Amino acid sequence: MHKTGATRYQKFLKAEKAKTKLKGKKDKELPKGTNVTKTNFKVKKIVLKEQLKKHGHNEALSIRKLNLKELLSRLNHFNTNSRTDALDGIKELITIHPEALEKNLGELIHGITMLILNIEKVVRQKALKVLHLILSNVATEKMEPFFDIMSTYLRSAMTHIDSRIQEDSLFFLDILLTCVPSRVAEDFHKIIPNFLDMISKLKVDAKPGRTLTVNLNSQITSVKWRVQVFQRLKEFLLKYALYKQIHQTEKNNTSNLHFFNTTKLNYYNLFNPLYISNCHISCFSSKSSELQVDEIEKFKDYTETLMPLLFATWLEVCPNRKSDANFDTVVNEETALLLKYILQIISLLQSFVKHFKQKCPSSNIDNIFYQKYKSLFSQNFLNSFPFVTNIRTNQKTNNANKDEIKDPKLISENLEICRLFITFNPNINLKNQSREISTVLSYIEKTFNQNVDNNINNIIINILHTVFSKEITNWTKTLSVLDNLFRKIIWIYFNKTMPESFKQDIFTLLCKIALTEKLSHFHTCDAFEMWLKNLPVILLGNQLNIQTVNIIHQFAISNNTVFNSVMKPRLLDIIKNLPKIVIIDADDNSNSYHKLLSIFYWIKVWDTESLNLLESQLMDNVYKPDHGKYIFDTLRLRSGGIL
């Protein structure tokens, strides 16, 4: 048998012999005596001067005896543990020595804020904690020169390629919204485009607009991510609304009020101490001049981009409507939370529209906004309305979400959909929108009748004030659309099980309708006439609020004939109960009690029994001294018609 292996080896040897041989020089040997180790080199000491430097006696040091400059230098160390140890040291130092904070504020802000972009999660989290500590202990005015640094790093983190840094940028934004909300609101036009980049991207084709992005590289789902982004966007818009005084919800700041004491010398500062204190400005501070922008045009651009994204986000997660319209649409808890934030954002945008309309009536921004999005709103939210959810039990609270869904029926969210539908459609088409109108009004009536929660009742009252506004719309042009709801309001007013505060809110609403001449067709309703006869009943209770007192006072002035016709039969009972009435939200210096007592001036003719009772009350001093004097002066002014 032929041996294949031997033949192959012979061929290999033959090929090796055939190769061309290259001739080279042989390595030369070193001369003798040259292969010797030389020891004639010089040695110098290595001295680290920073290690030998002694700290001052009163210098602020951390527990590890490091000053602030040394700790800041270690923030740039390549080792993660060194950076975290330096952050811990800075936290200890500014806690023990708060005076060192303002002197080195610029270096601290610059050195710590840049760590928001660090690749290590533990470094980012500790940097946020230290930054929160700094911002909580420094006045907002003193942060002014250094805010641009934080704003720049915030925007860089919000649009970072690493999704983990984007997630932590939301926590950074939370800190800024808590500690320096007004300064964040000033950078509204710089920051809000980054929210759009976090959930969407520009379309590749020539068509303008954006498309939603999917969170593929993140550990959380796209729905959870959008919930977190929309939650911060809602808070950001709310702070901007407060900054622009769009909502008058913040109380006046009384912390700077000084009361004059007549018993001793009073000293008042000529200048605000904050304005004459030293501000240590570093090379890292910057304050660029802001360019004036056309807010209305900017707002139009934002809404044209944001509103389609909100609708697309909801359309992506909303389940399809089942064939049976009697059943509510069930959504999971994440979807319900997303619905909540989307509706709140739309509500804030709607309040901005109203603000800019009042600021510039010629802009016609409200009609453009409502006409453009009313059909999309009805299509996305009314087709599957109302919504309910299933709340999981024994669930762990997610720290990323400050709010959570507690009501499985989603009553507040469904009522907000009703309110927005009414706002988007002031001129409803009774023929084409009959199903939506019936659905909305039926849900309001059902909730109005069955609910006992004060917060929900307040939402319903606000919706009714929106419907029965002074501007007549297709909702209130005739009695036919709101007849059932109007009768239900009056029926609930006479329900004895209703809370007294809620009854006063309904009373205010009905008085508003009574005082609006354009709503006179509602005055002919038999239920309204019955309520009008029982109007004085509100003065037979023990409590009133300022709003109710103002309404009664206005009603006595503007519609005096009707006021007298309904007050005279109950005048004796009202006088008996009047000393017991307490105005719950009136302070000591308020004139609300004088407004309440001024109803005596507007009563045309008095009966003898009522007048004698009031006179005996004044003689017995059942009223406060100033109240009694006010009643006496009122009676003296009316003496020609009374006595």
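Of note:
- Residue within segment 571-581 that is farther than 20 Å from D607 by Cα and free of Cβ contacts under 8 Å to residues at least 60 places away in the same chain present: yes
- Selection within segment 612-624 - surrounded by 15 or more Cβ atoms within 10 Å (Cβ to Cβ) and either without any contact (Cβ under 8 Å) to a residue 40 or more places away in the chain or acidic (D, E) (or both): L614, L618
- Contact map, segment 130-153: first residue free of Cβ contacts under 8 Å to residues at least 24 places away in the same chain, second residue of a type in the set (S, T, Y) and crowded, with 20+ Cβ neighbours inside 10 Å, Cβ cut-off under 9 Å, separation 6 or more or different chains; pairs are T152/T113.
- Restricting segment 625-643 to residues that are of a type outside the set (S, T, N, Q) and modelled with pLDDT under 75, the residue that is surrounded by the fewest Cβ atoms within 10 Å (Cβ to Cβ) is G640.
Yes/no matrix, rows are residues, columns are (1) in a loop (DSSP other than H, G, I, E, B); (2) loosely packed, with under 10 Cβ neighbours inside 10 Å; (3) modelled with pLDDT of 85 or more:
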{"residue": "R8", "(1), (2), (3)": "no, yes, no"}
{"residue": "G24", "(1), (2), (3)": "yes, yes, no"}
{"residue": "D27", "(1), (2), (3)": "yes, yes, no"}
{"residue": "N35", "(1), (2), (3)": "yes, yes, no"}
{"residue": "K45", "(1), (2), (3)": "yes, yes, no"}
{"residue": "H55", "(1), (2), (3)": "yes, no, no"}
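Each row is one residue, and each column tells you yes or no for (1) more than 33 Å from the chain's Cα centre (by Cα); (2) aliphatic (A, V, I, L, M); (3) open to solvent by 10 Å² or more (accessible area, probe 1.4 Å).
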position	(1), (2), (3)
L75	yes, yes, no
T80	yes, no, yes
R83	yes, no, yes
D88	no, no, yes
E107	no, no, yes
I112	no, yes, no
N118	no, no, yes
S136	no, no, yes
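- All positions within segment 175-186 that are crowded, with 17+ Cβ neighbours inside 10 Å and out of contact with any Phe, Trp or Tyr (no Cβ under 8 Å at 6 or more places or on another chain): I175, L176, C179
- Counted residues, segment 174-194 - those being among the hydrophobic types (A, V, I, L, M, F, W, C) and in contact (Cβ under 8 Å) with a residue 60 or more places away in the chain: 2
- For the residues F385, F377, the requirement of being assigned to a helix (DSSP H, G or I) and buried (at least 17 other Cβ atoms within 10 Å of the Cβ) singles out F377.
- Residue pairs meeting the criteria (Cβ under 8 Å; at least 6 apart or on separate chains; first in contact (Cβ under 8 Å) with a residue 40 or more places away in the chain, in segment 509-520; second outside any helix (DSSP H, G or I) and open to solvent by 10 Å² or more (accessible area, probe 1.4 Å)): A514/N559; L515/N559; T516/K470; K518/K470; K518/I472; L519/I472
- Those residues of segment 120-134 which are aliphatic (A, V, I, L, M), open to solvent by 10 Å² or more (accessible area, probe 1.4 Å) and closer than 18 Å to I94 by Cβ, in sequence order: L128, L133
- Considering residues of segment 429-452 that are hydrophobic (A, V, I, L, M, F, W, C) and either under 29 Å from the mean Cα position of the chain (by Cα) or part of a loop (DSSP other than H, G, I, E, B) (or both) only, the residue surrounded by the fewest Cβ atoms within 10 Å (Cβ to Cβ): V452
- The set of residues from segment 453-495 being hydroxyl-bearing (S, T, Y), surrounded by 14 or more Cβ atoms within 10 Å (Cβ to Cβ) and assigned to a loop (DSSP other than H, G, I, E, B) comprises S469, T473, T476.
- Of all the numbered requirements in (1) part of a helix (DSSP H, G or I); (2) closer than 28 Å to N462 by Cβ; (3) open to solvent by less than 60 Å² (accessible area, probe 1.4 Å), A586 misses one, and that requirement is (1).
- Pairs linking a residue in segment 406-417 that is free of Cβ contacts under 8 Å to residues at least 12 places away in the same chain to a residue that is open to solvent by 10 Å² or more (accessible area, probe 1.4 Å), with Cβ atoms under 9 Å and 6 or more positions apart or on different chains, are D407/I391; D407/E413; D407/D453; D407/I456.
- Condition met for T466 (under 26 Å from the mean Cα position of the chain (by Cα) and more than 30 Å from Q228 (Cα to Cα)): yes
One line per residue, one yes/no per condition, for (1) open to solvent by less than 70 Å² (accessible area, probe 1.4 Å); (2) at pLDDT below 85:
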position	(1), (2)
M158	yes, no
I161	no, no
F195	yes, no
Q219	no, yes
S222	yes, yes
W225	yes, no
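- Looking across segment 606-627, the residues that are part of a loop (DSSP other than H, G, I, E, B), under 51 Å from the mean Cα position of the chain (by Cα) and not polar (S, T, N, Q) come down to V622, Y623, K624.
- Tabulated pairs, segment 318-331, first on the phi < 0 side of the Ramachandran plot, second modelled with pLDDT under 60, C-beta under 9 angstrom, 6+ apart or interchain: T329/K322
- Condition met for K533 (over 25 Å from N458 (Cα atoms), open to solvent by 40 Å² or more (accessible area, probe 1.4 Å) and in contact with a His (Cβ under 6 Å, 6 or more places away or on another chain)): no
- Selected residue (criterion: farthest from R124 (Cα to Cα)) from residues of segment 57-73 that are within 39 Å of the chain's Cα centre (by Cα) and open to solvent by less than 30 Å² (accessible area, probe 1.4 Å): S62
- Unique match (being closer than 30 Å to I109 by Cα, of a type outside the set (D, E, K, R) and modelled with pLDDT of 60 or more) among L309, L237: L237
- Taken residue by residue, segment 470-488 has no member that is under 21 Å from I546 (Cβ atoms) and not charged (D, E, K, R).
- Any chance I192 is within 19 Å of L242 (Cβ to Cβ) and touching a His at 6+ places or on another chain (Cβ under 6 Å): no
- Entry remark, segment 404-428: residues being part of a helix (DSSP H, G or I) and aliphatic (A, V, I, L, M) number 5 in total.
- Highlighted here are the helices (runs of 4 or more DSSP H) found entirely within segment 118-192 that include at least 3 residues which are of a type outside the set (V, I, T) and more than 20 Å from L101 (Cα to Cα): 121-136, 147-158, 163-179, 181-186.
- Unique residue being under 12 Å from I599 (Cβ atoms) and at pLDDT 80 or above when the list is H523, H553: H553
The values are calculated or read from the model by the stated rules, or taken from the named source; none is laboratory data. Please read all numbers here as calculations on a predicted model, not as lab measurements. Cβ coordinates were reconstructed from backbone atoms using ideal geometry, including for glycine residues, and neighbour counts include every protein chain displayed. SASA here: full protein model, heavy atoms, side chains in, ligands and nucleic acids out. Shrake-Rupley method; radii C 1.70, N 1.55, O 1.52, S 1.80 Å.
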